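Engineer: To start, I am sharing the structure in question, which I have written as structure tokens.
Every read-out reported here was derived from the displayed coordinates using simple, explicitly stated rules and does not represent laboratory data. Since this is a predicted model, take the numbers as computed values, not measurements. Positions of Cβ are generated from backbone atoms using ideal geometry, with glycine treated the same way; all protein chains shown enter the neighbour counts.
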Amino acid sequence: MIGGQFIHSIKDLIGESKEKKKVELPKEDEQPHIPTKQEEKKQINTVPKIRDSSPSILNDTVAFDCVLVEGKRDQDIALPHTEMQQQKKAEDLGESLLVRPILNTTQTTISHASQTPSFKSQSQIIDGKALSTKIREQLAKQAEKFEKKNKRKVGLAVVIIGDDPASHVYVKNKIKACEEIGIKSYVVKRDINTTQDQLVEIIQTLNESDEVDGIITQLPLPRHLNEAEILELIDSRKDVDGFHVENAGKLFTGQDSLRPCTPAGIIELIKSTKKRLEGKHAVIIGRSNIVGKPIAMMLLEENCTVTICHSRTKNLARHTKRADILVAAIGKKEFVTGDMIKNGAIVIDVGINRHEGKLHDDVNFEQASKVASHITPVPGGVGPMTITMLMANSIKAASK
Ligand code: GUN
């Protein structure tokens, strides 16, 4: 029951009731909602007590974010830099077998997609936007085929709770992609006062709807809500984020499943380089449930040798310098520097570091592109592919 009313169908969820349960797309130039004094007072009085042990799927990312904010834990992650510098010195003295970056090979001048000045580079840019466009053209054909056969569009429901501006931008981009491909989106937008029971009821209704093939709850949820419970409640066949334990377990055991979108997109980006993956050493920085752990499984599936590094890894640069494929999902601006990268490596910058509403590279692009053979830009690399994979998962879920 929501606000004293039973939800009977998806129309009740997304339609406007007497209480104006508003479901709307953010406008292009929409500013984050700033609560009035009255609204603020109401929120303080009605937001349930924060559970202190609500497990979060974003835990590891959040931990890295904390590193940024709280100087104390920063040392934990800053340490490898010092060790790295020591190692660099050792290498310069000829004590290492690692190949030093060759900077004088044939170089082309490129411009970073995010408008930094031109500089010499020997890397090829892995263009996530262009690859996305190509894949989305195929997905649009599949969505059309589905519609012809089933007399309805593939349906994706996006649940968003609260006013987090970054989350609203993500949702807006997902809806735009749906429109582009021919997927029907159902946006269920609720304010921060939404209770766990209300959210449970929303998910149950979406689980039961014949029009909805895929469901995502935009993360992070407000802290008073139990994220893990909600993610487990989503029907695993509609779990197009691939976060349900059943889908995580299937990935772990090599079974066909709905797979997390960011790692799935990373695999496509790496494969687009046409480099052979088998036997390559892949090093991942970050161990989140959304990126680090699943990408490790997927690269293992591609017969890579995989190392997962994280905030407590000792001598990080020693690991990263051995990576043929380096995936950086850290959340710390330009954390990976040129001297941490093996010459000729494929570098994937997940760019999950958000500061003042803007995404920043986890990798120092200018330095890295003098060493790597291929590199993804931020923005325009992993981001567009994540949304494309969400679309692919929605069509896959509908077609089962
Ligand atoms: N918040 C940040 N990334 C994601 C994602 O991939 N899926 C969902 N549901 N929320 C997110």
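Engineer: What does the extension gain come out to for S167 and T305, with contour length at 0.36 nm per residue minus their alpha carbon separation?
Structural biologist: Once the chain is fully extended between S167 and T305, it gains 46.2 nm.
Engineer: Per residue and in Å³, how big is the convex hull formed by the alpha-carbon atoms of the range 274-349?
Structural biologist: Here the figure is 87 Å³ per residue.
Engineer: Give, in nm to one decimal, the length gained when the segment between K176 and Q204 is fully stretched (0.36 nm per residue of separation minus the Cα-Cα distance).
Structural biologist: Value of the extension gain: 7.5 nm.
Engineer: Moving on. Length gain on complete extension for the stretch K400 to E147, per 0.36 nm per residue less the alpha carbon to alpha carbon distance?
Structural biologist: 89.7 nm
Engineer: Give me a comma-separated list of calculated 3J(HN,Hα) values for the range 304-317, in order, Karplus coefficients 6.51, -1.76, 1.60 applied at θ = phi - 60°, integers in Hz, x for any Gly or Pro.
Structural biologist: 7, 8, 10, 10, 9, 10, 7, 5, 9, 5, 8, 6, 4, 4
Engineer: Out of residues 5 or more away from V159 or on other chains, whose amide H comes under 5 Å of its own, with H placed 1.01 Å from N in the peptide plane?
Structural biologist: For V159, whose amide H was placed from the backbone, the distant partners under 5 Å are V188, I216, T217, Q218.
Engineer: Additional query: Sort 215-228, 143-156 for me by packing, meaning the mean count of neighbouring Cβ atoms within 10 Å per residue, highest on top.
Structural biologist: Going from most to least packed, we get 215-228, 143-156.
Engineer: Rounded to two decimal places and with Rh computed the Kirkwood way over Cα pairs, what is Rg over Rh for the range 248-384?
Structural biologist: 0.94
Engineer: Spelling out what I want: for every residue of the range 213-223, take phi, set θ = phi - 60°, compute 6.51 cos²θ - 1.76 cosθ + 1.60 (Karplus), and round to whole Hz; glycine and proline get x.
Structural biologist: Whole-Hz 3J(HN,Hα) from phi for the range 213-223: 9, x, 10, 10, 9, 5, 9, x, 7, x, 5.
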